[in-house]
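The values are calculated or read from the model by the stated rules, or taken from the named source; none is laboratory data. The structure displayed is predicted, hence computed values, not measured ones. With ideal geometry, Cβ positions are generated from the backbone for all residues, glycine too; neighbour counts draw on all protein chains shown.
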Amino acid sequence: MSIVTVQLGQCGNQVGQEFFEVISNDANDTQRKVYSECSSERFFNETANRNLVARSVLIDMEPKVISQSIAKAAKSGKWRYGDLSHFSQKQGSGNNWANGYCVHGPRHEEVVVDIVRREVERCDRLAGIMAMMSVAGGTGSGVGTYVTQCLRDAYPNSFILNHLTWPYGTGEVIVQNYNSVLTLSHLYQLSDAILVHENDTVHKICAQLMNIKHISFSDVNKVIAHQLGSVLQPALTGDSHGLYNRNPIGELMSGLVCHPEYKLLSVCNIPQVSSSSMAYSMFTWPALLKHLRQMLIANAKMEEGIDWQVRAPSHQPEGIERARSHRRPGFNTSLANLLILRGKDVNSAEIGGFQDPTLYTPWLPADEAFSMWKTPVPFNKYEKSAILVSNSQTLLRPLDNMVGKAWNMFASRAYIHQYTKFGISEEDFLDSFTSLEQVISSYSQL
Amino acid sequence: MTQSVVVQVGQCGNQVGCRFWDLALREHSHVNKKGIYDEALSSFFRNVDSRRSVGGSCDITGGRIQSLKARAVLVDMEEGVVNEILQGPLRELFDSTQLITDVSGSGNNWAVGHWTYGSAYREQIVDQLRRAAEHCDCLQCFFLIHSMGGGTGSGLGTCVLKLLEEEFPEVCRIVTSVYPSAEDDVITSPYNSVLAMRELTEHADCVLPVENQSLVDIMNKIKHMSHSGKPGSVIKKDSAIISGQGGVSGAEKPFDAMNNIVANLLLNITSSARFEGSLNMDLNEIAMNLVPFPRLHYLVPSLTPLYTLADVNIPTRRLDQMFTDAFSKDHQLIRADPKHSLYLACALMVRGNVQVSDLRRNIERLKPTLPFVSWNQEGWKTGLCSVPPVGHSHSLLALANNTCVKPTFMELRDRFAKLYRKKAHMHHYLHVDGMEQGCFTEAISSLSSLIEEYSQLDATKDRLMPDAARLNIAT
């Protein structure tokens with residue numbers, strides 16, 4: 001079964017290209033033929049002359065980034081983008097969500113849905129659609145939201161996963177908080193799951209773990225691509241009976257998104273080291289899993305700087321006691337977790353620590369809350385790697401900050417005229433704020 | 001790829017415009033080694049087969065450069081400056097239909113420029129603008145260049161601005177306005193400036209104010225540096241932002257150095273729209289991010305570095321120095337000190353070999369020293385373009401929406417008041433058809449309310465503003 005990716009805006013297209021690069025390298029690297037074929041089928045279309053063409057549609061309102069991505073792909077020699085699988089206009093959305101959603105989206109709806117449909121028809125069976133975009137700008141966020149809406153209408157029974165890149169907290173775009181709030185509130189109704197990467201977090205990984213001195217967006221995108229790839233490459237699940245799982249997106253969702261109010265997913269990945277250190281590193285499953293578990297509990301995004309003081313509560317508090325004792329400071333309560341193990345001796349790994357009921361919110365039984373995939377095939381040159389996809393309070397603080405800043409700006413009505421002139425009114429803003437406060441409230445009470 | 005059209009009005013507008021075209025050609029020839037008419041060139045130039053008839057649709061896309069024509073409309077009510085252009089080395093860039101001239105000038109009278117010539121030449125101007133727009137695949141922006149103190153640039157220029165809004169409401173209007181200094185030799189420059197200000201506040205999307213005095217100061221700073229004779233202080237040829245070396249024109253004329261600075265400003269603003277980069281910043285994004293309230297669209301520009309020293313390797317400290325300099329009052333193109341006023345928003349347009357980590361590091365470093373308005377604490381818009389300007393390995397353009405423009409406007413208001421109290425020279429204006437007393441009172445009240453809006457924001461500056469109360473969700 002195959003996944004069709006829709007890359008939207010500058011970020012979506014740049015990250016998307018790195019993602020396919022990682023997948024193609026990983027699939028080519030390995031001796032394991034079944035894994036390789038499964039991965040190729042999932043993400044690429046093999047043409048008559050054995051060329052791999054990515055199952056991807058590139059969309060942007062201005063042409064520069066798409067041309068670059070297509071060129072970079074072709075240069076790799078191993079895969080490329082389809083010749084007709086892109087759509088661009090001449091002029092961007094000006095960082096304006098309203099411009100993207102109300103003007104560009106509807107204007108180009110037919111063409112875009114058509115290109116996606118052709119890509120979907122090239123699949124034997126569609127496992128799901130992954131839309132990749134950022135939330136800070138105008139095209140990825142605005143056009144991306146509109147396109148997600150169209151795809152939801154066109155494919156009501158398919159899974160739609162939105163991969164979002166959240167911007168640096170200290171700003172890349174001044175109106176990024178407005179654009180983010182509008183995007184998230186709409187996507188919450190349309191998407192099946194929202195997988196988030198934050199630039200701040202990935203930047204820290206590059207700086208501290210990978211020791212990159214001058215971090216470029218290319219470095220950041222490579223880390224995001226690596227993490228995303230490690231989630232979506234073939235793996236064996238409990239139900240797949242020795243075969244690679246056919247439908248990773250569907251299974252991701254059934255494992256992690258059991259309630260429509262809780263759709264925000266985050267990824268963390270261990271180990272993550274620079275390629276030069278990789279040769280000298282020795283990892284064991286117990287060490288990796290211990291760190292990963294603590295990263296989950298203490299809300300650390302990487303294996304350095306973990307707060308080992310934070311502990312899970314000793315027992316599952318009940319009823320009133322729970323409301324009163326409140327959450328332990330720093331403790332990250334999970335709704336559901338998916339653990340993916342890739343590499344040598346994977347069957348020997350002890351994962352009991354992740355099934356501990358005290359990690360989870362009490363209203364979901366622990367055995368429903370935890371799922372695991374694994375494969376003995378190592379991913380992207382890491383002899384062993386453990387990935388945790390988590391539906392937990394990890395994103396609560398960044399989301400709260402984002403909404404808080406947007407609300408402050410809204411209180412003085414700054415920049416609102418830029419949105420109203422394209423058709424987004426103050427009421428629309430208020431609706432969006434209300435939806436997100438609801439999400440924040442739900443996650444706070446886990 | 002989008003195109004922009006430059007409209008240069010009046011003596012100052014045309015002289016600055018001329019430097020702009022010269023430096024633009026220089027910049028593109030540096031990058032475009034193969035002589036192919038590429039997307040970047042098409043943003044400001046058309047490729048025309050000059051053997052075919054002028055004015056017909058003989059644009060050639062792609063392929064080799066044959067004959068470049070500037071996407072421009074040149075307007076002046078006296079012939080001197082435009083004639084010089086037509087006889088100079090840039091004459092090939094313009095065909096005669098792009099020029100609109102008259103003979104006698106506006107006599108430093110805004111009313112003559114705006115009302116008399118405005119109505120006389122309205123059709124012709126609209127025609128030329130339409131023609132320039134039709135030659136564009138996707139017109140994104142009009143750049144208007146003019147001065148505020150005279151008659152044509154100020155009066156006719158603002159009339160053209162109104163026309164642009166009427167005829168092309170969806171196209172962004174970015175205006176570069178040269179403000180007169182206090183010691184300006186035109187006595188009526190305060191009247192002209194204030195009358196023009198009203199039009200700018202109502203009809204422009206963004207205004208980049210530039211003061212002659214600041215340009216002079218910068219020029220002196222560079223000359224001082226290059227003549228100081230200190231070892232290691234030799235400025236690399238063609239790197240100073242006042243230099244036009246390597247351009248088409250030969251010898252430099254008196255105002256050339258100062259006009260080159262403004263030309264460089266325009267080149268840097270459009271660089272991300274023309275060339276590639278890892279974080280693109282389009283022209284419509286500038287207006288979107290930097291203008292929180294429609295009337296407060298005055299963006300103070302600053303350019304660094306002013307020059308590159310020859311024979312010196314560039315350590316990271318120098319890169320950081322570039323960021324620090326962008327906020328110092330010596331580098332602003334108007335006489336203002338943004339560090340001590342309130343920032344509403346700030347854009348940093350970086351060119352050259354600079355990575356996002358350098359950018360973030362410097363923003364983190366400088367943020368605590370810069371007062372931002374309470375609801376926009378991290379109000380930074382950033383852009384990274386990979387192609388540096390000629391003679392530099394990297395450069396930075398900062399555009400600040402800052403209340404430091406208030407003193408400049410207040411001074412302007414004072415100078416206006418001095419004349420207006422005595423009704424000095426007003427009869428020259430009131431004699432003009434279309435001009436009334438009311439125009440003066442409206443203009444001054446528009447300026448006053450603009451100043452008031454800035455004052456209100458300033459008042460919040462040192463106060464700790466509480467966060468707005470969030471919505472409560474019933475649980």
Worksheet item: From the residues in region B:272-305 that are among the polar types (S, T, N, Q) and assigned to a helix (DSSP H, G or I), which one is farthest from the other protein chains (Cβ to nearest Cβ)?
Response: B:S272
Worksheet item: How do the pairs read when you match residues in region A:6-22 that are touching a residue at least 12 places away in the same chain (Cβ under 8 Å) with residues anywhere that are of a type in the set (F, W, Y) and assigned to a helix (DSSP H, G or I), using Cβ under 9 Å and keeping only pairs 6 or more apart or on different chains?
Response: A:Q7/A:F19; A:C11/A:F217; A:Q14/A:F217; A:F19/A:F43; A:F20/A:F43
Practice prompt. For region B:454-464, name all the residues that are under 18 Å from B:P292 (Cα atoms) and outside any helix (DSSP H, G or I).
Written response: B:T460, B:K461
Item to complete: Check region B:153-174 and report whether any residue there is under 23 Å from B:L419 (Cβ atoms), charged (D, E, K, R) and not in a loop (DSSP other than H, G, I, E, B).
Response: no
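Filter the helices (runs of 4 or more DSSP H) completely within region A:188-300 down to those with at least 2 residues that are farther than 29 Å from A:C38 by Cα.
Numbers: elements: A:199-204, A:217-232, A:248-256, A:275-278, A:285-297.
Of the helices (runs of 4 or more DSSP H) lying wholly inside region A:188-300, those with at least 2 residues that are farther than 29 Å from A:C38 by Cα span A:199-204, A:275-278, A:285-297.
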Practice prompt. Take region B:203-218 and flag every residue that is hydrophobic (A, V, I, L, M, F, W, C) and part of a strand (DSSP E or B).
Written response: B:C206, B:V207, B:L208, B:V210
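For every residue, the table says whether it meets (1) part of a strand (DSSP E or B); (2) out of contact with any strand residue (DSSP E or B) (no Cβ under 7 Å at 6 or more places or on another chain); (3) farther than 21 Å from B:C141 by Cα.
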| residue | (1), (2), (3) |
| --- | --- |
| A:E62 | no, no, no |
| A:K75 | no, yes, yes |
| A:F87 | yes, no, yes |
| A:G94 | no, yes, no |
| A:G105 | no, yes, yes |
| A:V112 | no, no, yes |
| A:E119 | no, no, yes |
| A:A127 | yes, no, yes |
Worksheet item: Where residues in region A:204-216 are crowded, with 20+ Cβ neighbours inside 10 Å and either at pLDDT 95 or above or facing another protein chain (nearest Cβ under 9 Å) (or both), which of them is nearest to the chain's Cα centre (by Cα)?
Response: A:C206
Worksheet item: Within region A:390-406, is there a residue that is without any contact (Cβ under 8 Å) to a residue 60 or more places away in the chain, closer than 16 Å to A:L289 by Cβ and more than 14 Å from chain B (Cβ to nearest Cβ)?
Response: no
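Condition first: in contact with a strand residue (DSSP E or B) (Cβ under 9 Å, 6 or more places away or on another chain), surrounded by 17 or more Cβ atoms within 10 Å (Cβ to Cβ) and of a type outside the set (G, A, S). Can you find one or more residues in region A:401-411 that meet it?
Within region A:401-411, the subset in contact with a strand residue (DSSP E or B) (Cβ under 9 Å, 6 or more places away or on another chain) is A:402.
With surrounded by 17 or more Cβ atoms within 10 Å (Cβ to Cβ) added as a condition, the list becomes A:402.
Subsequent filtering for residues that are of a type outside the set (G, A, S) retains A:402.
Looking through region A:401-411, at least one residue is in contact with a strand residue (DSSP E or B) (Cβ under 9 Å, 6 or more places away or on another chain), surrounded by 17 or more Cβ atoms within 10 Å (Cβ to Cβ) and of a type outside the set (G, A, S).
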Worksheet, complete the sentence: Of the candidates A:L236, A:L288, the one satisfying the condition of being farther than 23 Å from A:L126 by Cα, modelled with pLDDT of 85 or more, of a type in the set (A, V, I, L, M) and more than 17 Å from the chain's Cα centre (by Cα) is A:L288
Discussion item. Restricting to region A:102-137, count the residues that are within 14 Å of chain B (Cβ to nearest Cβ) and buried (at least 24 other Cβ atoms within 10 Å of the Cβ).
Written reply: 4
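Would you say B:L99 is within 30 Å of B:A182 (Cα to Cα) and hydrophobic (A, V, I, L, M, F, W, C)?
Working: within 30 Å of B:A182 (Cα to Cα): no; hydrophobic (A, V, I, L, M, F, W, C): yes.
Against the criterion (within 30 Å of B:A182 (Cα to Cα) and hydrophobic (A, V, I, L, M, F, W, C)), B:L99 does not qualify.
Considering region B:252-276 alone, what residues qualify as being under 29 Å from A:N199 (Cβ atoms) and either without any contact (Cβ under 8 Å) to a residue 12 or more places away in the chain or out of contact with any Gly (no Cβ under 7 Å at 6 or more places or on another chain) (or both)?
First, the residues of region B:252-276 that are under 29 Å from A:N199 (Cβ atoms): B:268-276.
Correct list: B:N268, B:I269, B:T270, B:S271, B:A273, B:R274, B:F275, B:E276.
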Worksheet item: So which pairs qualify, if the first residue must be in region B:285-305 and free of Cβ contacts under 8 Å to residues at least 40 places away in the same chain, the second must be β-branched (V, I, T), the Cβ gap must be under 8 Å, and the two must be at least 6 apart or on different chains?
Response: B:M288/A:V175
Worksheet entry | Residue under evaluation A:S158, criteria (1) over 17 Å from A:V15 (Cβ atoms); (2) within 13 Å of chain B (Cβ to nearest Cβ); (3) of a type in the set (G, A, S), criterion not met | (2)
Worksheet item: Counting only residues that are touching a strand residue (DSSP E or B) at 6+ places or on another chain (Cβ under 6 Å) and within 15 Å of B:P89 (Cα to Cα), which one in region B:15-29 is surrounded by the most Cβ atoms within 10 Å (Cβ to Cβ)?
Response: B:G17
Worksheet, complete the sentence: Across region B:384-394, the tally of residues that are modelled with pLDDT under 90 and assigned to a strand (DSSP E or B) stands at 1
Discussion item. Quick check on this structure: which one of A:E198, A:E172 is among the acidic types (D, E) and modelled with pLDDT of 90 or more?
Written reply: A:E198
Discussion item. Just to confirm my filter: which helices (runs of 4 or more DSSP H) fall fully inside region A:356-446 and include at least 2 residues that are at pLDDT 90 or above and over 30 Å from A:Q31 (Cα atoms)?
Written reply: A:396-411, A:416-420, A:426-444
Worksheet item: Which residue pairs have Cβ atoms under 7 Å apart, sit 6 or more places apart or on different chains, and have a first residue in region B:351-366 that is more than 7 Å from chain A (Cβ to nearest Cβ) and under 15 Å from B:H394 (Cα atoms) and a second that is part of a helix (DSSP H, G or I) and not β-branched (V, I, T)?
Response: B:R351/B:N268; B:R351/B:S271; B:V354/B:L319; B:N362/B:D320; B:N362/B:F323
Fill in: Neighbours by Cβ (under 7 Å, 6+ apart or cross-chain): first from region A:206-228, in contact (Cβ under 8 Å) with a residue 60 or more places away in the chain and among the β-branched types (V, I, T); second surrounded by fewer than 19 Cβ atoms within 10 Å (Cβ to Cβ) and assigned to a helix (DSSP H, G or I)
none
Worksheet item: Residues in region B:175-202 that are touching a strand residue (DSSP E or B) at 6+ places or on another chain (Cβ under 7 Å) and either touching a residue at least 40 places away in the same chain (Cβ under 8 Å) or in a loop (DSSP other than H, G, I, E, B) (or both): how many?
Response: 6
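Tell me the residue from B:E378, B:E452 that is without any contact (Cβ under 8 Å) to a residue 24 or more places away in the chain and within 30 Å of B:N353 (Cβ to Cβ), please.
Numbers: B:E452 fails: within 30 Å of B:N353 (Cβ to Cβ).
The conditions single out B:E378.
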Discussion item. Quick check on B:I269: is it closer than 17 Å to B:S4 by Cβ, within 14 Å of chain A (Cβ to nearest Cβ) and either at pLDDT 85 or above or not in a helix (DSSP H, G or I) (or both)?
Written reply: no
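Could you run through region B:332-350 and say how many residues are among the charged types (D, E, K, R) and either in a helix (DSSP H, G or I) or facing another protein chain (nearest Cβ under 8 Å) (or both)?
Here is the first cut: in region B:332-350, the ones among the charged types (D, E, K, R) are B:335, B:337, B:339.
Retained after the next criterion (residues that are either in a helix (DSSP H, G or I) or facing another protein chain (nearest Cβ under 8 Å) (or both)): B:339.
Looking only at that region, the number is 1.
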Worksheet item: Which condition breaks for B:L93 when tested against (1) within 30 Å of B:D433 (Cβ to Cβ); (2) surrounded by 16 or more Cβ atoms within 10 Å (Cβ to Cβ)?
Response: (1)
Fill in: Contacts under 9 angstrom Cβ, first residue in region A:419-441 being more than 11 Å from chain B (Cβ to nearest Cβ), partner outside any helix (DSSP H, G or I) and basic (K, R), 6 or more apart
A:E426/A:R413
